[in-house]
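Asks: Below is the structure I would like to discuss, written out as structure tokens.
The values are calculated or read from the model by the stated rules, or taken from the named source; none is laboratory data. Note that the structure is a prediction, hence the values are computed from the model and not measured. A quick note on method: Cβ atoms are made from the backbone with ideal geometry, for glycine too, and the neighbour counts reach across all protein chains shown. Just the protein is used for accessible areas: all its heavy atoms, side chains included, with ligands, DNA and RNA removed. Shrake-Rupley method; radii C 1.70, N 1.55, O 1.52, S 1.80 Å.
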Amino acid sequence: MPELLLGVLAIQGGFEAHLRMLRSLGAEVREVRSPGDLEGLDGLVIPGGESTTISMGIESGGLAEPIRALRRSGGTIFGTCAGMIVCDDAHLGLIDATAARNAFGRQLQSFEADLAVEGLGDEALRGVFIRAPWIERHGPGVEVLASHEGRPVAVREGGVLACAFHPELTDDPRLHALFMAMTTSARERVVSEGDFR
Amino acid sequence: MRQVTERATFRVKTGLAEMLKGGVIMDVVTPEQARIAEDAGACAVMALERVPSDIRRDGGVARMSDPAMIKGIQEAVSIPVMAKARIGHFAEAQVLQALEVDYIDESEVLTPADERHHIDKLAFEVPFVCGATNLGEALRRIGEGAAMIRSKGEAGTGNVVEAVRHMREIIAGIKRLSQLGPEELSAAAKEHQAPLEVVHEVADKGRLPVPLFCAGGIATPADAALMMQLGAEGNFVGSGIFKSADPERRARAIVEATTHFSDPERVAAASIGLGEAMPGLEISELAAADALLQDRGA
């Protein structure tokens, strides 16, 4: 099979660091600003930034329905920080969870901390939290992969991965690698079911 | 598992600026304006008492804003709130940190408090953004602890020419540095009057270690698109929005042009029907009157 083709939503925020990280892991990447940019993608990263700005850009660019369609046809989604908020049930509704915005506080309360992440082995992942949200509520189908101070900060449901922190700002590619592995297996499933996107 | 928590690391400080990339930071003087900016898609607001064009017109000493006004703006919006301190006025910066603003702009738009020294920004937990007209200035500010750099441009003029000059200077300087051999970097650091380790880092990576934004004179969507194409990673807009005929629409249009800077059709569509832009000022007249803000705090 060819390399994964992954999009990174490039309306506003930390999209460049995601592009660099995915490229270093061998994915083909594309900046997504318009619906046409979503065509043929195996997965989409929704980066951190300001969730109000990104949400407005999604609306004004007519991207909401095309992103949901990508998900319905088996494409995977990885939302980080503001991207996690954009994925929640109050926004694009890609995951059965509600994020609380700026829940960890203002910039003065921003921090980094070691996290134990389900499925990434024993070595801690350094989480960089910037005016970060947490998951306030989630449905039974949502798997909590990591928590900080008792708050879920990394979750997965089906082909949607979301975290409150910024793995793209570190040199540790394990969460992106997990997303790519999810994307590869989702693509194999789509191919085996004969649904060629 | 250990959960060693650290605040105010370099990564946490630059991290917020990373998240502001591709966005527009708007000057606002009231909570009402802050809400308009947020609704238009601003990724942050700069709380200040007077926009630069009014500071320029009124003259006198321009200082940090009234804390009550900053608090009012913090309560009005959920996006990050920045505020300005005078160059070298570390006590104003301490007040802004106590108010928990998200970023401090050590700004030449206010009247400098110290003619020789900038604030020791490493001593603060809140991150700083500083202006620069060339690479040396940018590297000196980074050496002092700035976590974000913006062009100075010439604030309050609605004239983008100085921002263009500064952005080109900075980008060309980075390109030149990255072509030098290791034995040439020490002389380059001396030339730029900048710390050697920062010079090494820039030469090595081919970019600044912190995000680089544009500020100073943006008045139209096309101005915003121009600066992004010249290498800015986001835009500050001061007087350009709330001194124009229709701030709501212009704010939206400048946000749209900053995101879709490489798509002229989108920039064209965003530019239609905005009414009058802010009135502009000619730089040579200001220079003759010795009224350039960019010369403060090099």
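Asks: Which residues, taken from region B:224-280, are among the small types (Gly, Ala, Ser) and closer than 22 Å to B:Ile171 by Cα?
Replies: If the condition is that a residue be among the small types (Gly, Ala, Ser) and closer than 22 Å to B:Ile171 by Cα, then B:Ala224, B:Ala225, B:Gly231, B:Ala232, B:Gly234, B:Ala257, B:Ser262 are the ones that fit.
Asks: While we're looking at this one, here's another question. What about B:Val51, is it on the phi < 0 side of the Ramachandran plot, away from chain A (no Cβ under 14 Å) and touching a Pro at 6+ places or on another chain (Cβ under 8 Å)?
Replies: Judged against the criteria, B:Val51 is not a match.
Asks: Run B:Ser65 past the list (1) away from every other protein chain (no Cβ under 13 Å); (2) surrounded by fewer than 18 Cβ atoms within 10 Å (Cβ to Cβ); (3) not in a helix (DSSP H, G or I) and report the number of the one that doesn't hold.
Replies: Condition (2) is where B:Ser65 drops out.
Asks: For region B:220-298, please list each of the helices (runs of 4 or more DSSP H) lying entirely inside it that holds at least 1 residues being surrounded by fewer than 16 Cβ atoms within 10 Å (Cβ to Cβ) and over 19 Å from the mean Cα position of the chain (by Cα).
Replies: B:247-259, B:264-271, B:283-288
Asks: Among the candidates B:Val129, B:Val81, B:Val51, single out the residue that is at pLDDT below 95, under 15 Å from the mean Cα position of the chain (by Cα) and open to solvent by less than 60 Å² (accessible area, probe 1.4 Å).
Replies: Testing whether each residue is at pLDDT below 95, under 15 Å from the mean Cα position of the chain (by Cα) and open to solvent by less than 60 Å² (accessible area, probe 1.4 Å) leaves just B:Val51.
Asks: List pairs: first in region B:210-227 and on the phi > 0 side of the Ramachandran plot, second assigned to a helix (DSSP H, G or I) and open to solvent by less than 10 Å² (accessible area, probe 1.4 Å), Cβ under 7 Å, 6+ apart or cross-chain?
Replies: What qualifies is B:Gly216/B:Ala163; B:Gly217/B:Ala163.
Asks: Ok, one more. Tally time: how many residues in region B:1-43 are more than 7 Å from every other protein chain (Cβ to nearest Cβ) and either outside any loop (DSSP other than H, G, I, E, B) or not small (Gly, Ala, Ser) (or both)?
Replies: Matching residues across region B:1-43 total 20.
Asks: Please determine, by comparing only the residues of region B:84-100 that are on the phi < 0 side of the Ramachandran plot and more than 14 Å from chain A (Cβ to nearest Cβ), which one is surrounded by the most Cβ atoms within 10 Å (Cβ to Cβ).
Replies: Among those that are on the phi < 0 side of the Ramachandran plot and more than 14 Å from chain A (Cβ to nearest Cβ), it is B:Lys84.
Asks: Give the residue, chosen from A:Arg156, A:Arg151, that is more than 21 Å from A:Thr184 (Cβ to Cβ) and either under 18 Å from the mean Cα position of the chain (by Cα) or of a type in the set (D, E, K, R) (or both).
Replies: A:Arg151
Asks: Only one residue in B:Glu233, B:Glu248 is farther than 29 Å from B:Ala138 by Cα and not polar (S, T, N, Q), so which one is that?
Replies: Numbers: B:Glu233 fails: farther than 29 Å from B:Ala138 by Cα.
Going through B:Glu233, B:Glu248 in turn, the sole match is B:Glu248.
Asks: Which condition number in (1) more than 16 Å from the chain's Cα centre (by Cα); (2) in contact (Cβ under 8 Å) with a residue 24 or more places away in the chain; (3) more than 10 Å from chain B (Cβ to nearest Cβ); (4) over 22 Å from A:Val86 (Cα atoms) is the one that A:Glu193 fails?
Replies: (2)
Asks: Please determine, by comparing only the residues of region A:158-172 that are open to solvent by less than 50 Å² (accessible area, probe 1.4 Å) and more than 11 Å from every other protein chain (Cβ to nearest Cβ), which one is nearest to A:Ala103 (Cα to Cα).
Replies: Top of the filtered list is A:Ala164.
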